[in-house]
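Presented below is the structure to which this report refers.
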Amino acid sequence: MSNPFFDRPILNSPYAVPERHWQLNDEGQPTQKINEFRRPASFITPIPNPQKSKGKSKQFKLLADATAKAISSESQEYELTTIINALRGAVAEWRKDDPKNWKVTPETTRLLQHWRHHKFSGYRPFFCQLEAVETAIWLTEVAPNAGKKGERFLERLKTANLEANPGLSRLALKLATGAGKTTVMAMLIAWQTVNSARYPNSRRFTHGFLVVTPGITIKDRLRVLLPTDVDSYYQSRELLPSDMLLDIQKAKIVITNFHAFKQREKTELSSTGRALINGRHASDESKINTVEPEGQMLQRVMGSLMSMKNIMVFNDEAHHCYREKPGDKEDVKIQEGEDKKDATKEANDNNEAARLWISGLEIVQKKLGVSRIFDLSATPFFLRGSGYKEGTLFPWTMSDFSLMDAIECGIVKLPRVPIADNLPDAADDMPKFRELWKHIGKDMPKSGRSSKFNDPQALELKNRILLVNALKALYGHYEKTFHLWADAKIDVPPCFIIVCNNTSTSKLVYDYISGYAHGESGVFFDSKFPLFSNYDENGNPYPRARTLLIDSRQLDSGEKLSEDFRKLN
């Protein structure tokens, strides 16, 4: 049966304003109908309490839809946000105007025209990247002088930040994974640095930047933001006119993990030694302090920026950074098949990491001053345990380009759902593959390597066989693609990624698809997926593994990788 959405998902150019989109039903599935206008942003977000109004905001109550009303309570109201769509319209109107009326600096005008009209020899900025940058520029240079038109958006940002991020000015730009957030950061750095070089006394611009990431993999990927890097985007991707390349060299950029904000021990003491020094009845004020002071921590993390007083911050994957909502905490929502203990631990871990991240930024603001924090994320939503409804949008989000937008513009690949055409009852099993976890979650191991479920062959028992069948269905497509690429003399094989809910599950799946020797019996079990096997037909390991086990918590911890993790790879 023909499926137009899956057959021809791309409707728009990646370099122009999207003008069409696939209509989705209430469950988020394509109806196969095409709407001849841009997809509007549609998210539930907490309503910032008006700072000057004694009563409730009638405007927000009129905008709230049934879903928003259903999750609202006395302590927190929610709305179906329209602020993004309104700002999108204001920026579009400004974009179409004569450049003489843009009300930005000549340098900003040149950069905007360069990004839009330069004949790039390689990568050309996507429309979504340019729109995110335009939104930031409009709010910084245009809105303050645009009267009531600009005041509406600036007041929303101010109110949202006063309530959720007191003392910080955050602006979130939402872009789908794969849409190029790094390029957006490079463009914003270029805009700020060039203007700072030409207008050194302006407080709107800076050439000092702190880029904060959640893990070592992202940190390494962002080296292209450094003007001195061999693959620097400013030159390799032609993001600047040639006469502005000297200006970008003035940028001071520090890239770090949020873990670096943790104040370190200056003196290593055992618990016994600390107790002896402090004494039995020492008060909290009189106890010895062996933790580095805030200034020393900043010197260690961002020493090259310590002489600056106007720093701009970029939070990559910014949904990990928030301040917990004060007041009564709502019970952690448990998903079907999920263990309550695991869910509570996840919420606590989220909050601990978020607290460290935002506390570090508050120290930077207190000691040095932060002009603005740009939050970049495909999912700028509150996490479980934040005090806000899980999955609701950061209210300081002002720009959006979703995954569906990215698919319809041909920027990212279309996600595949396993089609169980090799099962006895494909019609019955297709929905199970679409919501696989709902059917297998209760039969899968809990978090922690100490789980009693440690036999990969047990994946073929109970409801877990659905996972194996889903893998086989996708592997069949992978195998065909692998051979097509080989016939076409493509040296690098296609990549197959499996994402698991915890380390216990990932280790089981890893062993099952790559082959392993049973710990107790020593019996070798070969892979059921030959192209993923790490062993030859005699059970000898290949010189180079075909399947790797990657622990995201290890990579995102900011710490040295454990030996156990290294051995598995």
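Figures for the structure shown
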quantity: Residues being within 11 Å of residue 551 (Cα to Cα) and either free of Cβ contacts under 8 Å to residues at least 24 places away in the same chain or of a type in the set (A, V, I, L, M, F, W, C) (or both) - total across segment 477-511; calculated: 2
quantity: So residue 69, is it part of a strand (DSSP E or B), open to solvent by 40 Å² or more (accessible area, probe 1.4 Å), basic (Lys, Arg) and modelled with pLDDT of 80 or more; calculated: no
quantity: Some residue of segment 188-195 being touching a residue at least 40 places away in the same chain (Cβ under 8 Å), part of a helix (DSSP H, G or I), small (Gly, Ala, Ser) and open to solvent by 10 Å² or more (accessible area, probe 1.4 Å); calculated: no
quantity: Flag if residue 552 is modelled with pLDDT under 90 and in contact with a His (Cβ under 9 Å, 6 or more places away or on another chain); calculated: no
quantity: Hey, residue 63 modelled with pLDDT under 90 and surrounded by 12 or more Cβ atoms within 10 Å (Cβ to Cβ) or not; calculated: yes
quantity: Breaking point among (1) surrounded by fewer than 13 Cβ atoms within 10 Å (Cβ to Cβ); (2) aliphatic (A, V, I, L, M); (3) at pLDDT 65 or above, for residue 427; calculated: (3)
quantity: Output for segment 151-182, where each listed residue is out of contact with any strand residue (DSSP E or B) (no Cβ under 9 Å at 6 or more places or on another chain) and crowded, with 17+ Cβ neighbours inside 10 Å; calculated: 159, 180
quantity: Those residues of segment 357-394 which are open to solvent by less than 10 Å² (accessible area, probe 1.4 Å), assigned to a loop (DSSP other than H, G, I, E, B) and either in contact with a strand residue (DSSP E or B) (Cβ under 7 Å, 6 or more places away or on another chain) or within 21 Å of residue 209 (Cβ to Cβ) (or both), in sequence order; calculated: 380, 392, 394
quantity: Of all residues making up segment 228-267, the number that are over 30 Å from residue 290 (Cα atoms), open to solvent by 50 Å² or more (accessible area, probe 1.4 Å) and not charged (D, E, K, R); calculated: 7
quantity: Search result, residues across segment 523-541 that are part of a loop (DSSP other than H, G, I, E, B) and open to solvent by less than 70 Å² (accessible area, probe 1.4 Å); calculated: 527, 529, 533, 534, 536, 539
quantity: Some residue of segment 134-156 being in contact (Cβ under 8 Å) with a residue 40 or more places away in the chain, within 30 Å of residue 77 (Cβ to Cβ) and part of a strand (DSSP E or B); calculated: no
quantity: Pair list, Cβ < 6 Å and 6+ apart or interchain, from segment 16-33 residues that are closer than 16 Å to residue 414 by Cβ and small (Gly, Ala, Ser) to residues that are outside any loop (DSSP other than H, G, I, E, B) and modelled with pLDDT under 90; calculated: none
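The values are calculated or read from the model by the stated rules, or taken from the named source; none is laboratory data. All values derive from a computational prediction rather than experimental measurement. Cβ atoms come from the backbone with ideal geometry, glycine included; neighbour counts cover every protein chain shown. When the accessible area is computed, the model is the full protein with side chains, heavy atoms only, and any ligands, DNA or RNA have been set aside. Shrake-Rupley method; radii C 1.70, N 1.55, O 1.52, S 1.80 Å.
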